[in-house]
1. For the stretch 304-450, what is the Kirkwood estimate of the hydrodynamic radius, computed as the reciprocal of the mean inverse distance between distinct Cα atoms, to one decimal in Å?
2. Residue-wise, which Karplus ³J(HN,Hα) couplings in Hz belong to the stretch 258-271, taking 6.51 cos²θ - 1.76 cosθ + 1.60, θ = phi - 60°, and x for glycine or proline?
3. Counting each DSSP H run of 4 or more residues in the chain as -39500 (n - 2.57), what helix-only mean residue ellipticity at 222 nm follows after dividing by all residues, to the nearest 500 deg cm²/dmol?
4. Which pairs break 21 Å Cα to Cα here: 683/706; 129/189; 218/654; 580/629; 348/528; 88/467?
5. No solvent, one uniform scatterer per C-alpha: report log10 I(q)/I(0) for the stretch 286-378 via the Debye equation at q = 0.24 1/Å, two decimals.
6. Taking H as built 1.01 Å from N, whose amide H comes closer than 5 Å to the amide H of residue 669, not counting residues under 5 places away?
7. Pull up all non-local amide H partners of residue 646: gap of 5 or more, or a different chain, and H-to-H distance under 5 Å with H placed in the peptide plane.
8. Around residue 277, what is the net charge, scoring Lys/Arg as +1 and Asp/Glu as -1 over all other residues with Cβ under 12 Å from its Cβ?
Amino acid sequence: MKSYTIPVFSTVLLLTACSGGGGETKNDSAFKYPATRKTDTVDTYFGVKVPDPYRWLEDDNSEETKKWVQEQNKVTFDYLAKIPFRDKIRERLTKIWSFEKTSVPYKKGKNYFYSYNNGIQNQAVLYVKEGLNGTGRVLLDPNTLSADGTISLSGSSVSKNGKYLAYGLSKAGSDWVEYDVMDIETGRKLDDHLKWIKFSGVAWKDDGFYYGRFDAPKGSELSSKNENQKVYYHKLGTSQDKDVLVYKDDAHPNRSFGPQVSEDGRWLVLFSYESTSGNALIVKDLLKPGSDFITIVDNFDNNYGVLDIQGTNMIVRTNAGAPKYRLVSIDIMNPGAASWKNILPEQKDLLEEVTIAGDKIIATYLVDVKSKMYVFDLNGKEENEIELPGLAYCDGLNGDRKDSLVFYSVVSFTAPASIYKYNITTKKSSLYIKPAIDFNSDDYETKQVFYASKDGTKIPMFITHKKGIVLDGTNPCFLFGYGGFNNFYAPEFRIDRSVFLEAGGVYAVANMRGGGEYGEDWHKAGTKCKKQNVFDDYIAAAEYLVSEKYTSKEKLAIHGRSNGGLLIGAVMTQRPDLCKVCLPQVGVLDMLRYHRFTIGRAWSTDYGLSENEEEFRCLFKYSPLHNVKEVAYPATLICTGDHDDRVVPAHSFKFAATLQANHKGNNPVMIRIDTNAGHGSGKPTAKQIEEYSDMWAFVFYNLGMKY
């Protein structure tokens with residue numbers, strides 16, 4: 001590929017005029033942004049008056065908001081179109097993206113099910129084959145359901161007899177899912193059609209299934225609060241209005257439920273949630289239709305996942321009394337915690353994933369954010385380790401209770417996931433699928449470092465770059481982070497990062513507090529009024545990369561999405577001098593009102609609520625929207641989707657308007673609003689490539705990189 005130096009654009013070339021609606025937004029930058037109307041809206045929190053002049057942008061249905069979106073996109077896309085190597089990046093990214101991708105298969109009855117993408121199909125296709133060596137046939141191809149690939153498969157479940165497939169479809173990346181049913185043998189779609197399902201899978205029982213649904217929203221289906229979810233049973237061949245109500249909790253409208261049915265069909269398990277952390281647990285004996293639910297856990301202090309039920313004995317992975325998780329046995333007839341029996345007691349490393357296959361327990365542990373895998377008998381006695389490469393992550397454990405084969409994937413920062421099969425009888429692993437990709441993984445290396453945060457806490461970070469790189473402070477660097485909701489970012493191959501690595505970039509992933517890298521204590525150390533720890537951890541990561549001469553402030557770009565978008569918004573408003581480029585993507589940026597939209601209130605266990613005085617003062621101190629000052633900010637590209645019904649785009653809209661009104665420098669401060677797109681799940685390949693091509697064009701240009 002030909003390389004050339006990026007030309008410096010003249011200010012005149014990039015001036016873009018765009019009329020607004022009689023608004024008041026002004027700034028001293030070199031760019032002319034759309035005028036954004038201000039109002040005198042003010043809220044009072046515990047005696048503190050908080051202006052919210054752009055609240056009208058919360059109305060996603062208003063014509064004024066739609067016009068604002070069009071005008072902002074015109075400025076952004078006019079700017080991006082003038083970057084001369086933007087198309088080259090898209091071409092190269094498309095070529096790298098075009099490799100076969102297969103999911104870890106799972107077995108139901110005599111059939112194996114898996115998804116497959118031949119390269120750049122907008123959506124993966126669901127396949128089925130009889131036996132491991134059978135010929136796969138298409139079961140469901142979402143690409144045939146829309147011209148632009150914006151209808152995606154969002155959940156599927158095979159009936160216990162292997163006869164039916166219930167599958168959910170999402171439009172434009174929405175969390176709302178509509179379920180249909182298919183006869184697997186014939187591929188015939190049945191008449192069953194279910195709507196208003198969100199945050200719920202289905203759990204089969206006989207010729208029907210349990211699921212959770214909401215009432216049809218009375219306001220905007222993209223931003224209205226989601227309340228009063230109920231659990232129903234749907235019998236095949238009947239209309240949704242005939243579904244039987246199984247469970248509801250009118251006294252607690254913010255609770256949601258997830259159903260599960262034991263393999264033997266006897267027990268209905270209901271997980272109850274009030275937030276993204278912790279769940280209650282109740283079960284019902286389906287052999288006794290008139291019986292009441294039995295309460296196993298009646299609080300939301302810890303997490304519980306049920307692996308199996310044999311008779312009245314439940315096998316549960318939990319962090320109750322074990323911040324790094326343990327595997328326990330619970331007698332449904334005597335469920336008190338004092339009677340629980342450890343199968344796998346808590347260890348120094350995080351018990352991350354467990355499955356039961358071939359009457360063995362297969363468990364993966366997270367050791368400094370890298371995977372280790374072990375085999376135990378059903379009593380918890382260790383039998384052997386399944387060897388994995390060093391800096392890698394194991395995911396997608398799939399196995400059947402009575403089958404001797406277990407499938408799993410192994411991925412690193414420099415190579416896409418390969419799928420392995422492990423034979424429990426022979427205790428041997430073998431490669432099942434290794435994708436071929438137009439990216440030379442052997443040219444790159446990953447190392448893990450541990451750096452000190454502001455309070456001295458040691459934080460792990462992965463750093464990937466070309467072998468033989470010179471650490472002289474001149475390398476462009478891209479620092480990614482998340483730091484929340486007990487999630488973690490172990491080694492993973494991100495296709496879009498490949499163009500940055502090929503261009504000599506350093507890619508770093510910081511594993512801050514707030515995530516789940518080291519269990520619940522690590523998570524809680526970055527929540528509510530301790531959230532500043534997350535930002536401090538990330539800032540310290542950037543400073544480490546500069547001090548160790550991986551890069552310099554003028555060569556550093558920072559990025560995060562969703563809760564990570566909050567991270568970038570908080571860091572750039574606290575430390576606008578830290579870096580050259582900021583990319584807050586689908587971020588939670590208004591910390592005083594996030595809980596008023598869709599499922600936002602469920603995030604309060606991580607964030608707290610502005611309704612509580614102590615938590616308000618903590619939120620107000622770092623809320624990105626409320627901490628924008630009249631200073632020069634780094635080059636900023638805010639990214640969101642107009643159909644995002646998880647983190648509603650109003651967060652990004654209001655933040656962009658506020659930044660543009662206060663920015664005093666010459667760097668671009670822009671927003672890219674993807675139309676007919678949501679939070680990210682199910683986004684078609686074409687849209688992903690477009691978005692990442694634009695992101696990298698923005699990064700490359702503003703870091704002064706060659707391509």
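1. Working: mean 1/r = 0.0603 Å⁻¹.
That comes to 16.6 Å for the stretch 304-450.
2. Computed from phi, the couplings for the stretch 258-271 are x, x, 8, 10, 4, 4, 7, x, 7, 10, 9, 9, 10, 8 Hz.
3. Working: 11 runs with 119 residues, N = 707.
Here the helix-only value at 222 nm equals -5000 deg cm²/dmol.
4. In this structure, 683/706; 218/654; 348/528; 88/467 lie more than 21 Å apart at Cα.
5. Log10 of I(q)/I(0), two decimals: -1.31.
6. Amide H to amide H, under 5 Å and 5 or more residues apart or across chains, residue 669 pairs with 636.
7. Residues meeting the criterion, in which the H sits 1.01 Å from N, are 679.
8. On the way: positive: 524, 528; negative: 274, 301, 520, 606.
So the surrounding residues net to -2.
Read-outs: derived from the displayed coordinates by stated rules, not from any lab. In this text, all values refer to a predicted model and were calculated from it rather than measured experimentally. As a convention, Cβ positions derive from the backbone with ideal geometry for all residues, glycine included, and neighbour counts pool all protein chains shown.
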